[in-house]
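Heads up, the thing below is written out as structure tokens.
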Amino acid sequence: MTTAYIAKISEFTAGKWFENLEEPFENWQAFKDAFLQQFTDNYISITLRNCFHNIKQETSETVMTYLGRFNKLLRQIRQLETNDYYSDAQILDQFIAGLKDKLIKKVHPHASADLATAIRHTKSYEMAIEEANHTKLVNLAIGETSSAAEEKIDQLTKNVESYFTNQQQQQQQPQRYQPP
């Protein structure tokens, strides 16, 4: 047990717990085990929730890699929590908030009430951005003017947005997201 760990737990809570003990401990190990059993899950839960609120997609990270970290964190929280600490709307909001800025701008207006749809939109936008960047590089390499390349990129972006608008209109009831 480290000093930093003990410092994280409020003295009031630990002190009250210690004062309310009915029997003394036989040895240090018994005290340590009881203390950890009492406070570890709560501390880990708070730490995981803090990580969840601060999760961000890294600059060079793909949506799939970010999604993997996001789902792992969500699973860990759900294993510790006896009730659903986060609503589906909160999970959706946090997923979108953690995306790279260029993806947030594209996904947020199209985000529906369920995370699965937002994930599909995000993956598609990321692919469209990668394709647009590739097209731009190819066009520059073959000498096509920058304005012509920009027009193609704009058209591709409009096509993707149109696709998602149509998908959103066809979508039925939102489904509860369960991380894999």
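The values are calculated or read from the model by the stated rules, or taken from the named source; none is laboratory data. This is a predicted model, so every value here is computed, not measured. Quick reminder, even Gly has a Cβ in these numbers, built from the backbone with ideal geometry, and neighbours come from all protein chains shown.
The figures follow:
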| read-out | value |
| --- | --- |
| When residues of the range 12-37 are limited to those that are of a type in the set (S, T, N, Q) and modelled with pLDDT of 75 or more, the one farthest from the chain's Cα centre (by Cα) | ASN27 |
| Output for the range 45-67, where each listed residue is surrounded by 14 or more Cβ atoms within 10 Å (Cβ to Cβ), among the aliphatic types (A, V, I, L, M) and not in a loop (DSSP other than H, G, I, E, B) | LEU48, VAL63, LEU67 |
